[in-house]
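The structure under discussion appears below in the form of C-alpha cells.
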Protein chains: 2
Amino acid sequence: MSFDKRIYNFAPGPATLPEEVLKAAGQDILLWQGLGAGVMEVSHRSSAFMNCYQDALQNIIDLMKIPSNYKVLFLQGGGIGQNAAIPMNLMGLAKSGPQADFIVSGVWTQKSVAEASKYGLARIAATSKEQQFHCVPDRATWDLSQDSAYVHICANETVGGVEFAQTPDVGVIPLVADISSNIMSREINVSRYGVLFAGAQKNIAPAGLTIVIVREDLIGHAASITPTIWDWKIQAANDSMINTPTTFAIYMAGEVFKWLKKQGGISAIEKINQQKADVIYGVLDQSSLYEARVHRDSRSRMNVTFYLRDETLNEAFLAQASQAGMIGLKGHKSVGGMRASLYNAMPLAGAQCLAELMREFERRA
Amino acid sequence: MSFDKRIYNFAPGPATLPEEVLKAAGQDILLWQGLGAGVMEVSHRSSAFMNCYQDALQNIIDLMKIPSNYKVLFLQGGGIGQNAAIPMNLMGLAKSGPQADFIVSGVWTQKSVAEASKYGLARIAATSKEQQFHCVPDRATWDLSQDSAYVHICANETVGGVEFAQTPDVGVIPLVADISSNIMSREINVSRYGVLFAGAQKNIAPAGLTIVIVREDLIGHAASITPTIWDWKIQAANDSMINTPTTFAIYMAGEVFKWLKKQGGISAIEKINQQKADVIYGVLDQSSLYEARVHRDSRSRMNVTFYLRDETLNEAFLAQASQAGMIGLKGHKSVGGMRASLYNAMPLAGAQCLAELMREFERRA
C-alpha cells in the first residue's frame, strides 16, 4: 500500500502528531520567526529559542496545573534513561541504604526494576505477574517498606495496555510514576506525586525528549555517580541546558501544547480519549471474534490491546486495516495480538473508523 | 532584523544544515515514503524506518571509511553524556584501578575531566592552560601513564577554536576523541582511534543524536553502574534501539550523509572547508583591527575565533553582520570575542561574504 494523504496511524510511539502542528513545522524548519534560519538551526542560547522554551514550559505548567514547588525538566534518554536516573537521584533518600519499592504491572516496570537494581535494592512490593499482567496489582496486596526512598509505578503500561484508573495512595513515601504513554491524556493531581516522567514520543513530540516533573524537596540528593546531564539539581538550575537540549523536539512539544490548549486543554481531550476508548472496547465487549484480556478496571485508554481468538486471521485483519487506511495496529512482539494506540492526536473519527472495520471484519469472518 | 529568506548562520551548534535537506524534510514530516504518516510518527521497528537507519549506517561507514571491526552507535545525551558513558564503558580496562589520561585543550576537555572523575582517576596528562588554551598541548609534554585505560582528546575545541592538525601518536593505549565539532569535516584514519564520539548538532543533524564509533575489542567492559542506554555492548547488539532512538534526527543524519556524498564525500568537503577557513584567517592575518589568538598550528577550520582589539566595537560589528545577513557570530560567553563556525553546510560564499564584511568594517573603523 502507498498513500498520498495522511491516514490513521495507531502506532504506540513514535506516534501520530497533530497535522496542523506538522504543517507549521514543515515551514519552520526552513525559516523560523524571521531569523533567516530554521528552528533546528538556531542556538539554544538565542532569545528566539529561549522564548520558545519558556513558552513550552509555561504551557505544560498551565495544562497540567503543576504546582509552583515542582520543577519541569526537558532531558534526553527516554524512560529507560530515567529508569537509571531516578534511582541515582532518589535512592540516597532511604535512611538504611539505597532502596525503592516497585509495583510491577508489565514489561515496563520489569525493566524499571532491573535498571534500578544496579543502584540499590529494587523491592518488588507488588506484581500482577500471576495475572499475566492483565491488571494493575490490587492495592490491598502492596507490601510497601518504610525503608524505601520512593514507590515506582507505571501509570500506563504501553505494551500490555494496563492503566491505573486512579492515583494510588502510598502515604508519605514519594510516588514516582512513569507516564510516558498517558501524559496529558487525562487530568491528574500532580501534587500526589513526587516525580512524574515521560518519554515525549507518544503524546507530545518526536522521540528524543524526556520530560521530568519533580517536587523540589526531591532535588539535590543525587549519588556521586550521577551523570551531569541527569543530575536534576544541575539541570533545574540551568534551564535543562547544561548540555545542548533537543531544541527541535522542545519546539514541537511547545507547538503540541498550544494545540492542546486550543482543543480545550486536558479536561476536554480526556473526554474525547474516553470516547475513543469506549468505541473500541464497546466492539470488543460485544464480539465473539475478538478478546480483550485486560481486566475492566485496568483497561488503558491510550493502548487498547486485543486478540483475535483465531490467530490465523491476524494477517488478514492487519491487511484489511491497511487497505482501509489504518496502520500501526500490530501488538508488541512480546505479547502478540493487536494494539490500537489512541493518543491525543488520534481523532475520534479514527477510533470510529477502526471500530467499523472490526465489526465488518467480524461479520465477514 | 527580520528575514524572509535564508541567510548565513555561523552558529556553533545547533547549526546551519543543508537547505535541500531541510526542504525535503519539510515534506517528509507530513507524508513519508507513501506511508500515510510523517517520518517522525512511524515506529522505529517499521521496515521503512529500519531501512532508513541501515542506509544512514552504511553511508557513515562509507563516508568515514570505518573499518569492519568498529561499531557505529546512534545514542542520546550528547558529548556531555558520553563524558560519563566513556569512563563507565572503558575505565575498567585499566589494570590497577579505573583510570584514564586527558589532554586538556579547552573548556570541553576540562568538562570531560570533571565528569570522568566521578568514575575513576582522570589524570591530566597534558594541558595548554598556561597558553590560555590557544593551542593543543605540545605532544612532547604529554605525560601518559601505562596504567590508564585510554587517552582522551578533543579533536576540535568548539569554544576556543583549537583543533588538532593531526592524529596524535599515543602508542598502544586506545585513543578516544571527541569529534563533535569536526566530524566528517576532514578525512581521518579511524583505525588510529579506539573511540570517536560526536554530538550531531554541528555537522550532521538537529540536536539530540549522539554518534559513537567504537572498536569492537573496547566493547563489553562496562561497569555495573552503566545505564542500559549507554552500555555499548547492549546497544551494539540491538541496532542502538534498546530504547526508542531519536528517529527524526537519525533520518536527518541519513539525509545529510546522502547530501555529503553528492558533494563528493569528505575529501571534497575538506578542501572547501580549508578554503573557507583560509578566507577568514587570511583577513585576520592582514588586519590591525582583528586579532586571532589561537596558534597557527592549532587553528580550527570549523570554529574560527577572533577578537576586535577595540572591544567597544563588538556590538557594531555584530549589528552590521546581522544587517548584511550573517548571524551567530558572537563568541562563547566564557571567552568573549567572535566566532565564525564554518561547518560543512556553510557554503564558501558564506565565508567570503563574512570576509568582505570584516574588511569593509575595518576600512570604516
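Values as computed for the structure displayed
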read-out	value
Segment A:313-365 - charge dipole about Cα centre, Lys and Arg +1 at Cβ, Asp and Glu -1, debye rounded to 20	120 debye
Table column - 3J(HN,Hα) (Hz), segment A:70-87, Karplus curve with 6.51, -1.76, 1.60, x for Gly and Pro	10, 10, 10, 10, 10, 10, 10, x, x, x, 5, x, 5, 4, 8, 5, 5, x
Proxy reagent accessibility, fewest Cβ within 10 Å first, across B:TRP32, B:TRP230, A:TRP108	B:TRP32, A:TRP108, B:TRP230
Within-14-Å neighbourhood charge of B:PRO206 [Cβ basis; K, R +1; D, E -1]	-3
Rh by Kirkwood over Cα pairs, then Stokes-Einstein D for segment A:93-136 at 1.567 mPa s and 4 °C, µm²/s	120 µm²/s
Longest segment of chain B lacking trypsin sites (Lys or Arg not before Pro) that sit in a DSSP loop with at most 13 other Cβ atoms within 10 Å	B:96-308
Cα-only radius of gyration and Dmax that characterise segment A:281-339, units Å	11.4, 33
Per-residue ³J(HN,Hα) for segment A:35-46, Karplus 6.51 cos²θ - 1.76 cosθ + 1.60, θ = phi - 60°, Hz, x for Gly and Pro	7, x, 8, x, 4, 8, 9, 9, 4, 5, 8, 5
Segment B:ASN189-B:GLU130, length gained on full extension (0.36 nm per residue, minus Cα span)	18.2 nm
Semi-axis lengths, Å, the protein assembly as shown, gyration tensor of Cα atoms, sqrt of 5 times eigenvalues	45, 30, 24
q = 0.19 Å⁻¹: log10 I(q)/I(0) that the Debye formula gives for segment A:193-293, counting C-alpha atoms only	-1.03
Antiparallel DSSP beta bridges within chain A, as percent of all bridges there, nearest 5	55 percent
Amide hydrogen neighbours beyond the local backbone of A:HIS152, cut-off 5 Å, H modeled	A:ASP101, A:PHE102, A:ILE103, A:VAL176
Approximate shape of segment A:75-158 as ellipsoid semi-axes (Cα gyration tensor, √5λ), whole Å, largest first	20, 17, 9
Cross-link partners of B:LYS261 among lysines (Cα-Cα below 30 Å; sequence separation of 8 or more within a chain)	A:LYS23, B:LYS5, B:LYS23, B:LYS65, B:LYS71, B:LYS202, B:LYS233, B:LYS271, B:LYS276
Chain lengthening between B:ASP4 and B:GLU360 when straightened (0.36 nm per residue, less Cα-Cα)	125.7 nm
Cross-link reach list, aspartates and glutamates versus A:LYS118, counting only Cα pairs under 19 Å and skipping chain neighbours closer than eight places	A:ASP101, A:ASP147, A:ASP178, A:ASP231, B:ASP231
Inverse of mean 1/r across different Cα pairs in segment B:265-364, Kirkwood, Å	13.7 Å
³J(HN,Hα), Karplus 6.51/-1.76/1.60, whole Hz, each residue of segment A:143-153, x for Gly, Pro	9, 7, 10, 5, 8, 8, 6, 6, 10, 9, 10
Spread of Cα-to-Cα distances over 5 Å intervals beginning at zero, given as percent, for segment B:309-365	4, 17, 30, 27, 16, 6, 1
DSSP-defined antiparallel bridges as percent of all bridges, the protein assembly as shown, nearest 5	55 percent
For segment B:1-140, the fraction of alpha-carbon pairs in successive 5 Å shells from zero, as %	2, 7, 10, 11, 14, 15, 13, 11, 8, 6, 2, 0, 0
Tail fraction, Cα-Cα pairs, segment A:111-262, threshold 22 Å, whole percent	47 percent
D (Stokes-Einstein, µm²/s), Kirkwood Cα radius, chain A, 0.890 mPa s at 25 °C	115 µm²/s
Rounded to the nearest 20 debye, dipole of chain A from Cβ charges on Lys, Arg, Asp, Glu	140 debye
Mean residue ellipticity (222 nm) of the protein assembly as shown, computed from DSSP H runs ≥ 4 via -39,500 (n - 2.57), nearest 500	-10500 deg cm²/dmol
Square roots of 5 times each gyration tensor eigenvalue, C-alpha, segment B:65-115, largest first, Å	20, 17, 12
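No value in this document is a laboratory result; all are computed from the given coordinates. Bear in mind the structure is a predicted one, so any value in this text is a computation, not a measurement. All Cβ positions, even for glycine, are placed from backbone atoms using ideal geometry, and neighbour counts span all protein chains on display.
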